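Undergrad: Questions regarding the structure given below will be posed in turn.
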2 protein chains.
Amino acid sequence: MEPIRSFDELSVGQEFRFGTMAMPLDEVLDFARRWDPQPFHTDEARARESPYGGLIASGIHTLAAAFGHMLRTGFVEQVSMGGTGLEVRWPAPVRPGDEIAVSGRVEELTPSRSRPDRGAVKVRYTGTRVSDGAVVIEITATHIFKR
Amino acid sequence: MEPIRSFDELSVGQEFRFGTMAMPLDEVLDFARRWDPQPFHTDEARARESPYGGLIASGIHTLAAAFGHMLRTGFVEQVSMGGTGLEVRWPAPVRPGDEIAVSGRVEELTPSRSRPDRGAVKVRYTGTRVSDGAVVIEITATHIFKR
């Protein structure tokens with residue numbers, strides 16, 4: 001995947017594929033114990049009795065994992081100046097062992113009025129479970145990119 | 001803080017204070033190296049040359065920390081069946097060493113039509129830096145709570 005070199009290279013509707021990421025059991029448990037200690041994320045026995053019928057990953061873990069996976073491709077390394085916010089939805093639970101394909105689509109490009117060296121880029125990221133095609137996460141993130 | 005026992009105990013406009021949380025330097029670095037490896041989160045020297053003039057916490061870290069902090073109060077322990085999505089904004093950067101007060105306000109209550117044992121609760125969480133009163137994170141989360 002070719003890194004972006006400038007905000008001005010992007011166009012609305014552009015799509016990117018970031019490959020797949022794993023959600024191993026030990027990471028599901030570690031993340032949840034530190035940041036999202038709810039029994040359906042941290043305790044196999046109690047998770048079985050929960051409405052989910054077994055362990056599921058913390059949604060914040062899936063968010064962090066998808067975001068970290070995208071960053072590690074180097075895609076935004078030359079342009080990223082951080083972000084101002086995001087929206088996330090979890091349409092289906094993620095199970096330990098799931099493999100998730102991450103893709104992105106440019107939704108909006110807004111050059112900064114006050115700072116000509118940068119612009120806001122709204123990207124919709126989608127995480128799709130490889131085994132059954134279920135969408136497990138949708139993130140709409142607003143990045144600030146250099147021009 | 002008294003734990004919620006049912007969706008039906010809540011009312012729109014109710015406010016809750018969850019005390020304060022710390023954002024120590026080692027956690028800022030650890031979280032970012034694993035989940036948000038961008039130089040303004042992971043590398044003090046490069047962060048000084050960035051637009052932020054020094055290290056700032058990953059926004060996803062601040063989100064995870066605020067959420068984990070709220071969970072550890074036990075507030076939602078008896079009712080939480082997970083969440084369906086959230087929106088987050090980071091109006092100001094978080095610096096290592098910041099102490100952040102976390103509060104919540106009930107914004108919307110929607111009993112489930114199909115499942116009489118639960119309802120959706122939209123809560124707006126706010127993180128405010130204690131030293132200067134700056135709002136550093138705003139999260140609007142949709143929880144599913146038992147009735």
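Undergrad: Quick one: A:E87 ticks every box in (1) open to solvent by less than 60 Å² (accessible area, probe 1.4 Å); (2) in contact with a Ser or Thr (Cβ under 9 Å, 6 or more places away or on another chain) bar one, so which box is it?
TA: Only one criterion is unmet by A:E87, namely (1).
Undergrad: Identify all residues within region B:50-83 that are touching a residue at least 60 places away in the same chain (Cβ under 8 Å) and not in a loop (DSSP other than H, G, I, E, B); write none if there are none.
TA: B:G59, B:T62, B:L63, B:A66, B:F67, B:S80, B:M81, B:G82, B:G83
Every residue, every condition in (1) within 12 Å of chain B (Cβ to nearest Cβ); (2) of a type in the set (V, I, T), yes or no:
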position	(1), (2)
A:D43	no, no
A:A57	yes, no
A:R72	yes, no
A:I137	yes, yes
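Undergrad: Could we say that A:P116 is assigned to a loop (DSSP other than H, G, I, E, B) and at the interface with chain B (Cβ under 9 Å from one of its Cβ atoms) here?
TA: Against the criterion (assigned to a loop (DSSP other than H, G, I, E, B) and at the interface with chain B (Cβ under 9 Å from one of its Cβ atoms)), A:P116 does not qualify.
Undergrad: Can you pull out every residue in region B:85-113 that is under 26 Å from B:I4 (Cα atoms), assigned to a loop (DSSP other than H, G, I, E, B) and within 13 Å of chain A (Cβ to nearest Cβ)?
TA: Passing the criteria: only B:S112.
Undergrad: Considering each of A:V76, A:V130 in turn, give the residue that is crowded, with 17+ Cβ neighbours inside 10 Å and of a type in the set (A, V, I, L, M).
TA: Result of the check over A:V76, A:V130: A:V76.
Undergrad: Is it the case that A:V123 is in contact with a strand residue (DSSP E or B) (Cβ under 7 Å, 6 or more places away or on another chain), hydrophobic (A, V, I, L, M, F, W, C) and in contact (Cβ under 8 Å) with a residue 40 or more places away in the chain?
TA: Here the answer is no, as A:V123 does not meet what is asked.
Undergrad: Moving on to the next point. Hey, can you tell me all the residues within region A:59-70 that are of a type outside the set (A, V, I, L, M, F, W, C), more than 8 Å from chain B (Cβ to nearest Cβ) and either farther than 28 Å from A:L29 by Cβ or open to solvent by less than 10 Å² (accessible area, probe 1.4 Å) (or both)?
TA: A:H61, A:T62
Undergrad: May I ask you to say which residue of A:A47, A:A32 is more than 7 Å from chain B (Cβ to nearest Cβ), open to solvent by less than 10 Å² (accessible area, probe 1.4 Å), touching a residue at least 12 places away in the same chain (Cβ under 8 Å) and not in a loop (DSSP other than H, G, I, E, B)?
TA: A:A32
Undergrad: So, one more: Tell me the residue from B:R129, B:R147 that is more than 9 Å from chain A (Cβ to nearest Cβ) and in contact (Cβ under 8 Å) with a residue 60 or more places away in the chain, please.
TA: B:R147
Undergrad: Can I ask one more? Just wondering, is there one or more residues in region A:49-58 that are of a type in the set (A, V, I, L, M), touching a Pro at 6+ places or on another chain (Cβ under 9 Å) and more than 27 Å from B:F75 (Cα to Cα)?
TA: So far as region A:49-58 goes, no, none of its residues is of a type in the set (A, V, I, L, M), touching a Pro at 6+ places or on another chain (Cβ under 9 Å) and more than 27 Å from B:F75 (Cα to Cα).
The values are calculated or read from the model by the stated rules, or taken from the named source; none is laboratory data. Computed from a prediction, not measured in an experiment: that's the story for all the values here. Cβ atoms come from the backbone with ideal geometry, glycine included; neighbour counts cover every protein chain shown. Just the protein is used for accessible areas: all its heavy atoms, side chains included, with ligands, DNA and RNA removed. Shrake-Rupley method; radii C 1.70, N 1.55, O 1.52, S 1.80 Å.
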